[in-house]
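Participant: Quick one: the structure is below, questions incoming.
The values are calculated or read from the model by the stated rules, or taken from the named source; none is laboratory data. On a predicted model such as this, the values are computed, not experimentally measured, just so you know. Positions of Cβ are generated from backbone atoms using ideal geometry, with glycine treated the same way; all protein chains shown enter the neighbour counts. Keep in mind that these areas ignore ligands, DNA and RNA; they rest on the heavy atoms of the full protein, side chains included. Shrake-Rupley method; radii C 1.70, N 1.55, O 1.52, S 1.80 Å.
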Amino acid sequence: MTLTLSLDRVEPRDRGRVGGKGYALSRMARQGLPVPGALLVTVGAYRRYIERTGIGEAIALEINRKIADEMRWEEMWDAALRIRTLFLRTPLPEAIRNVLARDVEARFRDIAVVVRSSAPGEDSAKASFAGLHESFVNVRGTESILDHIRLVWASLWSDAALLYRKELGLDIATSAMAVVVQEIVTGDRSGVAFTVSPDDPSRSVIEAVHGLNQGLVDGTVEPDRWILDRKTGQLLSHRPAEREKALYASEAGVVVRPLAPGLAEMPPLTPQEVALVFRTALDVETFFGSPQDVEWTIRNGSLHILQARPVTAGEPAADGDKRPWYLTLRRSFENLRALRQEVEGRWIPAMIADAEALSGVDLAALSDEALAAEIDRRRSLHGKWSDIYTEHFIPLAHGIRLFGQAYNDSLRPADPYEFMDLLGGTGMISLERNRLLERMAGRIRGNPLLAGALRQDTPAGLDAAFDEDFEAFSRGFGDLGCGTDRCFTGQAALAGLLLRMAEAPPAKERFDAGTIHRRRDAFLSRFEGDARQRAAEILDLGRASYRLRDNDNIHLGKIEGALLAAVDEGKRRLASRAGFDASALSAEETARALRVPAWRPRVATPQKKEAGPGPGLRARQLRGQPAGPGLARGSARVIGSPEDLLDIRAGEILVCDAIDPNMTFAVPLAAGIVERRGGMLIHGAIIAREYGIPCVTGIPGAAELIRTGDRVSVDGWLGIVTIEAPPSL
Amino acid sequence: MDDLSALRLRMEQMLRVQKLAALSTSSPRGGPYSNLVSFKALDTGRILFATTRATRKYANLRADTRVALLVDNRRNEEADFHEALAATGLGRAVELSGEEREQGVAAYTAKFPFLEGFVRAPSCALFRADVEKWIVVTRFQNVIEVLPIS
């Protein structure tokens, strides 16, 4: 089996062996087009590696953990991360290593390279799935190049690829990945050319940046853009970018630097160069016989073609297909750093200010008309912040992933989630809230009189410090926080929770400042010079993303709480109207009923919810995602509605559909957590790790298949939940 | 009459290549229970298998160490009736710990590299079934008792 091929040895029959990108490069090289020298690692090398190491079945087990359609994007990311770790930690078998090392050494002994994915079928004219797989720029040295070949192989199973698993026909038995190891051309200007504009078939588009292409491709650097008439080559328009920075090759990898002042004013291409890029791209199109997307760079005045692939129309995503949006969540470090500044500097202070302004309104003093207006105002405010949450806050969570990847790439731990230990103790508001609860519970433990008074609902005056905390809690967290459709108001709920907490030993957080500092130092000590600075920055971004992922929900929860408080006030008033059942009204309907006394809601027939697996069926063991290590056994407390959280007893297993940070006050009481939503980064998993509570996520129907009172084991190492059967036979 | 030494070789070969065995255990009340386990035969007398500790089979094994292991090479075809070889091993299972567990994990993962994460998880128990005898069935109804040779 041939493991590598040079560009000049590729024949048409090899197309399936070297992938679309590799094949296009070989044909251009034969045609005399200016492409850099490259070595093609065939799909045979991938296949042999998978066979010899036996990791194929491990990948198959991973991606078949549950039905593909039921996998959330977060779970695909988790699966991809575990698969990536598998590749990182499984060395090349000697026989494969020897061949690849010999061929790489012979060509690239002292030459830096780009290691690109070249999946068969990826760049065919029918389907373009550009960007689903990984490429690495500026890799140097045989060992490093071999490592990166494995990382490109791993990206056959990237989260993005898993997202399009059906369309790609991803299958352990038939899918494979070829790799292009290409001499790097460190151009001073780079870009892409579409011989046919995706927007207008009569035009061509050229985009260019100073420095390397990677900045344009991953969205870090904004390009200048030229539109040309496709037939005549006449320049129709030029849209200059705000040129501030560029990507350059560093010692290993790439680095973003501000542009020198002279360059910032200068478009990356002269009009003559625009014409040259256009003509060359058309040559490529003529050669391949179809419109092309050409990646190019200019070094010392010479134009080089880095890769070319057919332009595909790209079918518009079907309505409700959120996958293109998920793909936009994968962002570069620079992009995320800017986003963090925006979120921390602008959005969060504005959201806090909005919430505070709302809390100052005395709802009871408003007329019905004014209350209706207030409900509408709060609805629109909540809608606005929910949109901002989706647009700006959710993407920031990718900072956690970016850090995780950097950590795993450099340290290659056996546990792909070891990096999470560096993200603890970031100052999450939900933990501050829980500490305040724990402090109050502690005072109850030491004061039986206080416990007795709380049961009688007359605690005030017995313990000044307790009263102060109780007040502070109600002020800061609005009683007990809000669920998805209502808030827990009233001090009785809080008192009940505190009494139960007081009956249990204090919950311990896993992370203290000392541990975090030691782990941080140990992590950073693996790097030197610029790389250490970079590692520190990525860690800092990861920690901020982690903290904000939880905190932004608490802030949004306050806006939501303010809306629900106004709606509750409205419903209270409506309930006093004879024969009026306001309980099921939406916010909008509540406002309407307040304005129009004669209005009556349409009575909807309540839909009976299908519960449980069906007659005669009983789940006994469910496989999900391991999300918090450890083993817990206890009685299940299934959360059907937010109020159920108030019933939880110490040592129970919390089983829920989805939990958000406004609801995690109950978590310190739980011995284990089971959640329908999947992934390591969901809020239930985040808080479980802070307390060291075993957690399994991603179990479809968890809250229906498990019943309150079932004896349940939560295996947070393997992601398995076992529901014990009563003794039989 | 089959060549008995050839039968032993066939059985040894089958224990090497087959991946799954039906494991039978007894519940604390003595009730029967069977399930599939992946196994690694160290030799014909020592069979390794793994289970997480929350399972019914683990609870059974804690209460009663007696096990039966059925290994066979049927292909779900008519020819199975005359061709298939089935071996039932009777013995006791012991949970491994310490150095024995480490060695066992190494042997087990050599056969099932993709189960390394599973078998190394702290919640996973590795057992060794010490087989006292095998009851081997060939040609539909030929039954031979085979004692392990260690």
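Participant: What is the local net charge at residue B:43, summed over the other residues whose Cβ is closer than 12 Å to its Cβ (Lys, Arg +1; Asp, Glu -1)?
Facilitator: +3
Participant: Using a Förster distance of 22 angstrom, determine the FRET efficiency expected from the C-beta separation of residue A:264 and residue A:327, and round it to 0.05.
Facilitator: With R0 = 22 Å, the Cβ-Cβ based efficiency is 0.10.
Participant: Moving to a separate point now. How tilted is helix A:491-503 with respect to the longest principal axis of chain A? Cα atoms for both, answer in degrees (0 to 90, nearest 10).
Facilitator: For helix A:491-503, the angle is close to 80 degrees.
Participant: So which residues of the range A:44-91 lose at least 30 Å² of accessible area, probe 1.4 Å, when you go from the chain by itself to every protein chain present?
Facilitator: Going by heavy-atom accessible area, the residues of the range A:44-91 that drop by at least 30 Å² are A:57, A:61.
Participant: Also, I was wondering about something else. Fully extended, how many nm does the chain gain between residue A:1 and residue A:387 (0.36 nm per residue separation, minus their Cα-Cα distance)?
Facilitator: Contour length minus the Cα-Cα distance gives 133.6 nm.
Participant: Answer with one residue from A:96, A:360, B:126: the one whose Cα lies farthest towards the positive end of the charge dipole of the protein assembly as shown, charges on Cβ with Lys, Arg +1 and Asp, Glu -1.
Facilitator: Most positive-ward Cα: B:126.
Participant: Okay, next question. Using a Förster distance of 22 angstrom, determine the FRET efficiency expected from the C-beta separation of residue A:272 and residue A:202, and round it to 0.05. List each step's numbers first, then the result.
Facilitator: On the way: r = 23 Å, r/R0 = 1.05.
Efficiency, rounded to the nearest 0.05: 0.45.
Participant: Between residue A:252 and residue A:415, what is the label-point separation in nm under the 7 Å Cα-to-beta-carbon projection?
Facilitator: Taking the simple label geometry, residue A:415 and residue A:252 are separated by 2.5 nm.
Participant: Now for a separate question. Within a 10 angstrom radius of each residue's Cβ in A:716-724, how many Cβ atoms of other chains show up on average? Whole number is fine.
Facilitator: 4
Participant: At a 1.4 Å probe, which residues in the range B:51-76 are at least 30 Å² less accessible with all protein chains present than in their chain isolated?
Facilitator: B:52, B:54, B:56
Participant: Return the value, in Å² to the nearest 100, of accessible area buried between chains B and A (probe 1.4 Å, both sides summed).
Facilitator: Separately minus together, B and A give about 1200 Å² buried.
Participant: Over the range A:299-394, average the accessible area per residue using a 1.4 Å probe and give it in Å², no decimals.
Facilitator: Working: 5140 Å² over 96 residues.
For the range A:299-394, the per-residue accessible area is 54 Å².
Participant: On to the next question. Report the Cα centroid-to-centroid distance between the range A:288-313 and the range B:92-140 in angstrom, as an integer.
Facilitator: Taking the Cα centre of the range B:92-140 as reference, the centre of the range A:288-313 is 56 Å away.
Participant: With all protein chains present and a 1.4 Å probe, how do A:657, A:8 order by accessible area, largest first?
Facilitator: So, going from the largest accessible area down, we get A:8, A:657.
Participant: Using the Cα gyration tensor of the protein assembly as shown, with a ≥ b ≥ c the square roots of its eigenvalues, what is the shape: rounded (a/c below 1.5), prolate (a/b larger than b/c) or oblate (neither)?
Facilitator: oblate
Participant: Now, a different point. Hey, what's the range A:44-129 come to in accessible area per residue, 1.4 Å probe, Å²?
Facilitator: 41
Participant: Tally up the carbon and sulfur contribution to the accessible surface of the range B:42-109 as a whole percent, 1.4 Å probe, everything protein left in place. Intermediate values should be presented prior to the final figure.
Facilitator: Values: 1590 of 3400 Å².
C and S atoms contribute 47 percent here.
Participant: Right, here's the next one. Between helix A:368-388 and chain A, what is the angle of the helix's C-alpha long axis to the longest principal axis, kept within 0 to 90° and rounded to the nearest 10?
Facilitator: 30
Participant: Also, quick follow-up: Going 7 Å from the Cα of residue A:238 in the Cα-to-Cβ direction, what parts of the range A:204-219 have a backbone nitrogen less than 19 Å from that spot?
Facilitator: A:204-211
Participant: Same structure again: Please check which bits of the range B:1-30 a label hung off residue A:57 would reach, taking the label as a point 7 Å along Cα-to-C-beta and the cut-off as backbone N under 19 Å.
Facilitator: Label zone hits: B:12-23.
Participant: Relative contact order (percent) for the range A:531-669, with alpha-carbon contacts under 8 angstrom and 6 or more residues of separation? If you can, show how the numbers build up before the last one.
Facilitator: Numbers: 74 pairs, mean separation 25.5, N = 139.
The normalised contact order for the range A:531-669 reaches 18 percent.
Participant: Suppose a student asked you for the relative contact order of the range A:1-156, using Cα pairs under 8 Å spaced at least 6 residues apart; what percent would you report?
Facilitator: It rounds to 27 percent for the range A:1-156.
Participant: Where the accessible area of chain A is counted over protein heavy atoms with a 1.4 Å probe, how much of it, in %, is carbon and sulfur?
Facilitator: Roughly 51 percent, rounded to a whole number.
Participant: How high is the relative contact order of chain B, in percent, with contacts defined as C-alpha pairs under 8 Å that are six or more residues apart?
Facilitator: Computed over chain B, the figure is 25 percent.
Participant: What do you get for the angle between helix A:73-89 and the principal long axis of chain A? Use alpha-carbon atoms, 0 to 90 degrees, nearest ten.
Facilitator: 50
Participant: Give me the residues in the range B:115-137 whose solvent-accessible area, probe 1.4 Å, is reduced by at least 40 Å² once all protein chains are included instead of the chain isolated.
Facilitator: B:122, B:123
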